[in-house]
């Protein structure tokens, strides 16, 4: 952990808990522009910090789980 980095439970830093558009794009295997559009359109649980989009990891994980559940419900119909 870098010196002075705020530490959270489990040894994670605050930086580990906040994801960038680029990090989300890598995780979703999408283009940065696609994820940016999703954030702008309210499709992702994102917020802006000084004009740059960020996503709390916990919100992203919840969103992913909801997407998977919604998709499985659609398949069952």
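Computed from the coordinates by the stated procedures, all read-outs in this text should not be read as laboratory data. This structure is a prediction, so every number in the text was calculated from the model and none was measured. As a convention, Cβ positions derive from the backbone with ideal geometry for all residues, glycine included, and neighbour counts pool all protein chains shown.
Observations on the model:
- Size of the range 26-77 as Cα extents on the principal axes (Å, biggest first): 43, 21, 19
- Residues of the range 23-41 falling in the label zone of residue 52, defined by backbone nitrogen less than 18 Å from a point 7 Å along Cα to beta-carbon, are 23-27, 32-37, 39-40.
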